[in-house]
Structures are given as structure tokens and as C-alpha cells.
1. So which residues in segment 250-295 are β-branched (Val, Ile, Thr) and touching a helix residue (DSSP H, G or I) at 6+ places or on another chain (Cβ under 7 Å)?
2. Restricted to segment 226-242, and to residues that are modelled with pLDDT of 95 or more and among the small types (Gly, Ala, Ser), which residue is surrounded by the most Cβ atoms within 10 Å (Cβ to Cβ)?
3. Somewhere in segment 121-131, is a residue hydroxyl-bearing (Ser, Thr, Tyr), away from ligand 1 (no atom under 16 Å from the Cβ) and within 23 Å of the chain's Cα centre (by Cα)?
4. Restricting the search to segment 61-117, which residues are of a type in the set (D, E, K, R) and within 16 Å of ligand 1 (Cβ to nearest atom)?
5. Given the options 245, 273, 223, name the one that is more than 28 Å from residue 180 (Cβ to Cβ), at pLDDT 95 or above, among the small types (Gly, Ala, Ser) and away from ligand 1 (no atom under 12 Å from the Cβ).
6. List every residue pair whose Cβ atoms lie under 7 Å apart, where the two residues are 6 or more positions apart in sequence or sit on different chains, the first residue falls within segment 162-186 and is closer than 28 Å to residue 225 by Cβ, and the second residue, located anywhere, is surrounded by fewer than 16 Cβ atoms within 10 Å (Cβ to Cβ).
Amino acid sequence: MCSFSKFPQKYVILGQFFIKHTIYCTVYLERKQCEWYNDIHEVIILKEQIYTIPVNEAYDTDCECPLCFLEKKLERETLDYTLGAAMMEPDFRENSNKEGFCNKHFSMLFDMQSKLALSLVLDTHLEEIRKKLDALSKSSKALKSAKGGLFKKTGAAEFTASLSSQLDNISDGCVVCSKINHTMERYADVLLYMWANDEKFKEKFDKSKGLCLKHMKLLTDTAPKSLKDAQAAQFLSSMFDKQKAELTRIQEDIHKFTLKFDYRNKDMEWGTAQDAPIRTLEKISGFIKNDFDQK
Ligand SMILES: [Zn+2]
Ligand SMILES: [Zn+2]
């Protein structure tokens, strides 16, 4: 996708690597530093090469939303990382202690094998939560000792609203969701880049079964940031046409599914309608079960 000839002359190729077996990337090094590898301070990994391969792979699978396919894979890898290699990564541990996890990802972590790794994560995260609660507890005591006490109405509602919102801050974050959202934004950016610059990919996009509504919105939000105005307009118009046709197809399937329950239609062929409920649901709402490791 990106050849070295297009890259600024001050860089040379340091090496080409596979990251996590599937992501192939080229690492470039500033030319003048070649002889002093220990002094490397400017290494560039081309984002196009890190992200184009997974995006292409997702569009080679037959699914209702290739971005859901990517997100499932990413979610599974991030959860494995959280209870695996990340245990030795102070930066990630610091973030997970501060941000914590959402209910869905706590539940997925709990279903994984390593209860020791999970307990170590929980132990240090709970320490962080208790520190934050201690600070809040001091604030609430300050209100109690204020003139009139907590039950004096003036100011209490406002104060508790602030306490409540700070409690939200303690439990709202999720280090897994943050990582997924950040990477999905990069995937969306690269998908649009490929759509605008790679005819073969554009063909794949046109032949695909469209996207779920959540990822349709992600591409809608990303288009004006990643493409020039005219290209963004062209992309959005083509994506909306595609989605219209794909949702019509899905509607036909789900409607046919309901008709099959009428005894008069018992001999009607299922066609593509047999798994219509899950496909319709996931088209509207994005994937609900991560079956990536079962593929
Ligand atoms: Zn999706
Ligand atoms: Zn989460």
C-alpha cells in the first residue's frame, strides 16, 4: 500500500515485522541514526500497513458488518491482553486501576480462565476506588458539619448531585472500551482512506452486505475528518444507498421468518431467512455475543 519510494528520503527501512501474527508492518528509521540503534528516538510504523490488512481481511469474510467482525477480534485480543501480557505493563495497569471496566467487560473477564490475574487486577483497582471514595467521604462530612447540617435543604440537592456525578466518574470508565473505541476510530479512518484510494477495496465495499447502524454512524462521523469534502459527500451518499438496499434485504428475511410460523407456509423454503432474527438484531444494534474465538 505504502511503498518506501513515497516515504521521505531521510528515512530507511529498519525492518518488517508481524505484530501478533496477523498485522504486518514496516518500521522506518531516520537515516542519520542508522548506525546508532541505541539512540533511536524516531521510529515510524506506518499506520496504513498496521490497519489495512485487518480491514481487508474483514471485508473478505461473509458477514453483516465487517466492522463488527474487527471489533469482536479486537475485544477478544484486548481481554486476553488484560489478563495476560498487560499484567507486566505498568502503564496499562495504571490505566485499568484508574478507569476500571464496564459491566459487560467485567462479565467477560470473569468468564475467562485466569482468576488469579483477575483478582490481582481487582485488588489494585479496588484500592484506587477506595482512595476516591475516601476523598468523597470527606466532602460529604464537610456538608454535614456545615451550618444546618445535611438536612438543611439549601445547597444539599446541589451538593448530592455533585457527589452523585463524582460517583459516576468512579464507575463510568472502562479501559477495554477505551482501547476498542480508539482502535475502531483508526480502522474507520483507514477504511475511508482505502475506499478513496484503492479501487479493489472499493469493489469489496460495494459487494459487502453493508454495516450495522452503530458502525454506519462511526463512518458517518469519521468521513468529514478523513476525506476531502467532495469525497466525503460521495462516500456518504454511496453508503446510505447501500444501507437502504441491505436493510430492505434484511427486512425481507425477517418478514419471511415470521411467515414460516403460519401453518399454511410450512412447505415454504427458508431461503436465507433461517437465522434472520440474530442477523436483524445485530444489523440494528451491533454484535451482542463475542463468538470470535469460536470461529
Ligand atoms: Zn457493526
Ligand atoms: Zn467496556
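The values are calculated or read from the model by the stated rules, or taken from the named source; none is laboratory data. In this text the structure is predicted, and so the values were computed from the model without any measurement. Positions of Cβ are backbone-derived with ideal geometry, glycine not excepted, and every protein chain shown enters the neighbour counts.
1. Scanning segment 250-295 gives 250, 254, 272, 280, 284, 288.
2. My answer is 232.
3. no
4. Across segment 61-117, the qualifying residues are 62, 64, 71, 72, 73, 75, 76, 104.
5. Exactly one residue qualifies, and that residue is 245.
6. 186/47
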